[in-house]
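Read the structure below first, then the notes.
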Amino acid sequence: MSANPVHHPTAAVEVRHLTKHFNGVAAVDDISFEVARGEFFGFLGPNGAGKTTTVRVLTGVLRADGGTAVVMGFPAGSLRAKQMAGVVPEMANAYTDLSAWDNLMLMADLYGVPASTAKERARGLLQDLGLLERKDSLVRAYSRGMRQRLILAMALISDPEVLFLDEPTSGLDVQSSRLIKELLRKLNRAGKTIFLTTHDMDEANQLCQRVAIINKGKIVAIDSPERLRLATGRRHSVEVSFETSISAQVLASLPGVSEVQKLGDKYRLFTPSPGAVAMAVVEMARTMGLNIVSLNTLAPSLEDAFVALTEMESRHA
Amino acid sequence: MPELSLLGQQLRRSLTIARKDMRIYYSKGPVVIFGVLFPVFLFLAFSIGREFTIDFMMPGLIGMVLFFTATSISPVVVPWEAQARTLERLMSSPIRLETIIAGDILASLLFGIAISAVPIIAGLVLGITIASPALFALAVIVAAVCFAALGNIFSVPPSNVPATVNMIAAAVRFPVIFISGVFIPLQQLPHWGQWIAYISPLTYFTDIARGCIQGQAHLPPAVDFALLIAFAALFLVLAMRLHHRTMPRRL
C-alpha cells in the first residue's frame, strides 16, 4: 500500500494507458482519461465494450495488465484508494440472510466506521432511500429495486469521496430509479465525485457533466453530453406531419435534406441546417395548399451521438 | 508502527468476516446437526459389533468430528459468495484477500472446535479421562486451524458451483479418514500403512488424542505438534497464495 498520494492532486480518478486482457483479447485497450474531484462522470458503451472491466480495475477487484490507475491520489486497488471509494458493482447483491440494518453495519465494520457514526449514517441513508421502515426485514424479502437501493446505501455508509456505480438503475422500477438518481444528484451537489457506468443515454444526459464513450476497449470520445450531441450535427432533423398524406420524395427534394424517414403519421427530415429546412417545409406547404399539423426541429440525442461514434469506430477498426 | 496498525486493522476486519460467516453459513440448524451426526454415524458404522473400549473409540471419534466439521463449510463459502454476487462487494472493500481468507478460516475453525466439544463432553460423561487437558486443548486448536485451512484450499479451483467444490472436498476428506489412525491405531498398522498415515495431518492429532486419553501415543507429542503446526502453516500459505491466482477468474 502506498503511504503517499501520487499523480494529479486535483483528479479523483486518473487513468493512463490502462490495458486489461482476457485470454489474449483486449477488454480494455490502452485507455487514458481523468475525472476531476466533484465531477459527475459518465462511462458509456455497448455491452462488452470494457466498462465493467475498467470499473473493476478502478475498484481493485481486478489487476490491470498495463498502465496505471489512480483513485483519489492512491493506486487503484490499494487499501487507501478502496477506503476512499464507495462501490455499487454490476448485478451485486446484499446478504439476503441478513437484514438491511445488519448489511449496513457489516459494511461499516469493513470500512472501519465507528459504531455510533455508522448507526447515524445508516438511519439517514435508509430514510433517504425509503427503506427505514423495513430496516429489520431480511433482504431475501426485498424487491429488486429495494435491494439495489440498499446496495447504494451500503456503498455510502463510509461517506466515500468517490462513488463508482456500474449500471445502478438497470432493470429497476421507476420509483427506485428516481430515488437513486435523486440521491446521486444530491451527493454530487455536496461535492462527491461520481463515476457512473451506464448504457442508458437519457440517464447519462440527465446526470453527467462529462461522458466518455468506450467501444471495443477503446475510448472513442470524451466530452460534455451537449457537445457530443452537437458534434454529430449531421443528425439534426425536422419532424413534420400534415393533415393529408404526401409523397416522401417531395420532401426529399427540398434543399439541404439528406434523408427522409416516415415515422407513423410523421416525416423526419435529416439535415445539417434544420432552421432553413423548416422554413422550406412551410413554404412548400403554403405553395401546395397543405395544412401542417405539427412541425419541430430536433437536435441529435446523446443516443444518436453514441450510435454515430461507436459505428464510426467500428468502421475504422 | 504503520505496519502494526495496518495489521491490527486487517485483523479486526477478518473478525468481521468471521462473524458474518458464522451468522450466515454456520448457524443454520441442518449444518450444526449434520456436523455432529455424520461423523458419529460413520464412526458407528465401523465400530459396532467390535469390542472397542470407550478410551479407544473417543480419540478417533473426536479427530473425525473435528476434521469433518472444520472442513465442512469452508470449501463452499467462497463459491457461495461468488454465486450470490456478494464477493465482488467484499473484494472492493478496504480489506486484503488474505483478510477475507483468514476470516473464512477463523469461522471454520471456531465451528470445528465448538462441534468437537460435543463428543469431548460426551466422552467425559461416559468416563474417559484426559491426562493433559492443556496439551489436548492446544492440539484441538492447532488441528482446527490446520483442517480449516485445508478446507479453504478445496475452494481454490475457480468453480462457483458448491456441488463441484464439495465433490473435490469429499475426494480428499474420506481417504484421509481411513489413513489417519482413526479406526486403527498407528502402532497396529503395517509399516507401509504407517508411512501412508504420516502424509495426513489428522494422524498427528489422533495420535496426540490417543496419548492424552488412552496413554498410548505412537510418536512423541513434540513430533506430533511440530508436524501438525507445519501442516497448518503450509495449508495457510497455500490457501492465501492460491486464492490470489484464481480469484480474478471467479468474478
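Evaluate the charge dipole of segment A:11-224 about its Cα centre and quote only its size in Debye, nearest 20, assuming +1 on the Cβ of each Lys and Arg and -1 on the Cβ of each Asp and Glu. Don't skip to the end; give the middle numbers.
Working: 26 positive and 24 negative charges, 37 e Å.
Here the size comes out at about 180 debye.
Among the residues of A:107-113, the average count of other protein chain beta-carbon atoms within 10 Å of the residue beta-carbon is 5. Amide H to amide H, with H built 1.01 Å from N, residue A:12 comes under 5 Å of A:35, A:36, A:37, counting only residues 5 or more places away or on other chains. Distance from the alpha carbon centroid of segment A:95-150 to that of segment A:206-240 works out to 37 angstrom.
Counting Lys and Arg as +1 and Asp and Glu as -1, what is the net charge of the other residues whose Cβ lies under 12 Å from the Cβ of residue B:209? Could the numbers behind the result be given before it?
Details: positive: B:210; negative: B:55, B:207, B:224.
With Lys, Arg at +1 and Asp, Glu at -1, the neighbours total -2.
Please report the orientation-averaged projected area of segment A:233-299, defined via the convex hull of its C-alpha atoms, in nm². Don't skip to the answer; put the middle values down first.
Working: hull surface 15.3 nm².
So the Cα hull casts an average projection of 3.8 nm².
The Kirkwood radius of segment B:1-151, taken over pairs of alpha-carbon atoms, gives through the Stokes-Einstein law at 10 °C and 1.306 mPa s a diffusion coefficient of 95 µm² s⁻¹. The calculated P(r) of segment A:11-224, using every Cα pair and 5 Å bins from 0, goes 1, 7, 16, 20, 20, 16, 11, 6, 2, 0 in percent. This model, with +1 at the C-beta of Lys and Arg and -1 at the C-beta of Asp and Glu, gives segment A:190-317 a dipole about its Cα centre of some 320 debye. Close lysine pairs were tallied over the protein assembly as shown: pairs 8 or more places apart or on different chains with Cα atoms under 17 Å apart number 9. Taking the DSSP beta bridges with both ends in chain A, the antiparallel portion is around 65 percent.
Axis of helix B:2-21 versus longest Cα principal axis of chain B: the two differ by about 70°, to the nearest ten degrees. Along the charge dipole of the protein assembly as shown, which of B:86, A:43, B:165 sits closest to the positive end, that is, farthest toward it, with unit charges on the beta carbon of Lys, Arg, Asp and Glu (+1, +1, -1, -1)? So the residue furthest toward the plus end is B:86.
Mean projected area of the convex hull spanned by the Cα atoms of the protein assembly as shown, taken over all viewing directions: 34.1 nm².
Inter-chain Cβ neighbour count for B:94-100, averaged per residue, equals 4 (cutoff 10 Å, partner chain atoms only).
Would you mind getting me the FRET efficiency between residue B:131 and residue B:167? Use the beta-carbon distance for r and R0 = 41 Å, nearest 0.05.
Values: r = 40 Å, r/R0 = 0.97.
Efficiency, from the Cβ-Cβ distance: 0.55.
Averaged over peptide A:88-98, the number of partner chain Cβ atoms lying within 10 Å of each residue's Cβ comes to 5. Sorted on the mean count of surrounding Cβ atoms within 10 Å across their residues, most packed first, peptides A:297-308, A:66-77 read A:66-77, A:297-308.
The charge dipole of chain B, taken about the Cα centre with unit charges on the Cβ atoms of Lys, Arg (+1) and Asp, Glu (-1), comes to about 820 debye, rounded to the nearest 20. The sum of -39500 (n - 2.57) across all DSSP H runs of n ≥ 4, divided by the residue count of the protein assembly as shown, sets its helix-only mean residue ellipticity at 222 nm to -17500 deg cm²/dmol.
A short reminder: the numbers here are calculations on the coordinates, not readings from a lab. Not measured: the values here are computed from a predicted model. Virtual Cβ from ideal backbone geometry, glycine too; neighbours counted across all protein chains shown.
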